[in-house]
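The values are calculated or read from the model by the stated rules, or taken from the named source; none is laboratory data. Please read these numbers as outputs of a predicted model, since none were measured by experiment. Cβ sites come from the backbone with ideal geometry, for glycine too, and all protein chains shown count toward neighbours. Ligands, DNA and RNA are excluded from the accessible area calculation, which covers all protein heavy atoms including side chains. Shrake-Rupley method; radii C 1.70, N 1.55, O 1.52, S 1.80 Å.
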Amino acid sequence: MNSADPKLPRHSNHRSHDPSGDLSGDRSEMPRAAETAARESAGLHVPSTRELFVGFLFLGLIGFGGVLPLARRMIVEERRWLDGDEFTELLGLCQFLPGGNIINLSVAVGLQFRGIPGAVAGLVGLIAAPSAIVIGLGVIYQRFNDSYIQHMFGGLAAAAAGLLVATALKMAMPLRGKPLALALAALFFVAMAVLRLPLLPTMAVLVPLSIFVSWRWIA
């Protein structure tokens, strides 16, 4: 008696559909999408790479006498990329790192939102226009070094000092109700502005102290 051979399954040219494989890219985007939604619900905006470049380019163009005071207004008050607490914390980190504070800030903000492309966009946007302007002003200063030019630069210096004081007061606002944090800020001010202690030894002592106090009593 001839027995029927069992049919072997044929190899199909079409691969089986694996939902998990198709969703791997979506899963990688889920944390970023959730973060974007959370920030938008809090009234904040997540900038694109183009917005980072244009924002810091505009900041570099209008930042005569100092960019840092205008940076807080643009990032926190106008474009709502960060809130006041986030800006203060990020600026504190940038001040601790080597290099210019505003340059570090442009890289940090771009890196936080768009990674390396965002960091490059923020940095190039910030320094492109000011570099050309400074070169032009240097040529003018060398060619026309008279009392009018000196008075103009003196006025810019006074305006820069006033803008820095205003920014310091705005940055201190989130510390209201935190007497230990205010005491640490005052301690830094006395050490640097009054006693004129060297920067690196002062930071080597006060920064670990500030971190410990914030971790132990403020946070």
Verdict on residue 116 being more than 23 Å from the chain's Cα centre (by Cα), under 28 Å from residue 49 (Cα atoms) and either surrounded by fewer than 11 Cβ atoms within 10 Å (Cβ to Cβ) or not aliphatic (A, V, I, L, M) (or both): no
What helices (runs of 4 or more DSSP H), lying completely within segment 112-219, carry at least 1 residues that are touching a Lys or Arg at 6+ places or on another chain (Cβ under 7 Å)? 147-172
Number of the condition not met by residue 110 [criteria: (1) modelled with pLDDT under 80; (2) open to solvent by less than 50 Å² (accessible area, probe 1.4 Å)]: (1)
Which of the residues that make up segment 143-172 are more than 16 Å from residue 71 (Cβ to Cβ) and under 21 Å from the mean Cα position of the chain (by Cα)? 172
Here the qualifying pairs (Cβ atoms under 7 Å; residues six or more apart or on different chains; first in segment 161-179 and surrounded by 13 or more Cβ atoms within 10 Å (Cβ to Cβ); second among the hydroxyl-bearing types (Ser, Thr, Tyr) and in a helix (DSSP H, G or I)) come out as 171/88; 174/88
In segment 75-103, how many residues are crowded, with 19+ Cβ neighbours inside 10 Å and among the aliphatic types (A, V, I, L, M)? 5
Going residue by residue through segment 186-207, is there one that turns out to be closer than 28 Å to residue 54 by Cα and open to solvent by 70 Å² or more (accessible area, probe 1.4 Å)? no
Here the qualifying pairs (Cβ atoms under 8 Å; residues six or more apart or on different chains; first in segment 77-94 and without any contact (Cβ under 8 Å) to a residue 60 or more places away in the chain and under 17 Å from residue 106 (Cβ atoms); second of a type in the set (Lys, Arg) and open to solvent by less than 60 Å² (accessible area, probe 1.4 Å)) come out as none
Does segment 32-54 contain at least one residue that is closer than 30 Å to residue 155 by Cα, out of contact with any strand residue (DSSP E or B) (no Cβ under 8 Å at 6 or more places or on another chain), of a type outside the set (Lys, Arg) and at pLDDT 85 or above? yes
Tally, over segment 34-67, of residues that are part of a helix (DSSP H, G or I) and surrounded by fewer than 20 Cβ atoms within 10 Å (Cβ to Cβ): 16
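This table checks each residue for (1) modelled with pLDDT of 75 or more; (2) open to solvent by 40 Å² or more (accessible area, probe 1.4 Å); (3) over 30 Å from residue 51 (Cα atoms); (4) among the aliphatic types (A, V, I, L, M).
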{"residue": "121", "(1), (2), (3), (4)": "yes, no, no, yes"}
{"residue": "126", "(1), (2), (3), (4)": "yes, no, no, yes"}
{"residue": "129", "(1), (2), (3), (4)": "yes, no, no, yes"}
{"residue": "133", "(1), (2), (3), (4)": "yes, yes, no, yes"}
{"residue": "139", "(1), (2), (3), (4)": "yes, yes, yes, yes"}
{"residue": "142", "(1), (2), (3), (4)": "yes, yes, yes, no"}
{"residue": "146", "(1), (2), (3), (4)": "no, yes, yes, no"}
{"residue": "150", "(1), (2), (3), (4)": "no, yes, yes, no"}
{"residue": "153", "(1), (2), (3), (4)": "no, yes, yes, no"}
Can you run down the residue pairs with Cβ atoms below 7 Å, 6 or more apart or on separate chains, where the first is in segment 106-124 and within 14 Å of residue 79 (Cβ to Cβ) and touching a residue at least 40 places away in the same chain (Cβ under 8 Å) and the partner is outside any helix (DSSP H, G or I) and not basic (Lys, Arg)? 109/81; 113/46; 113/47
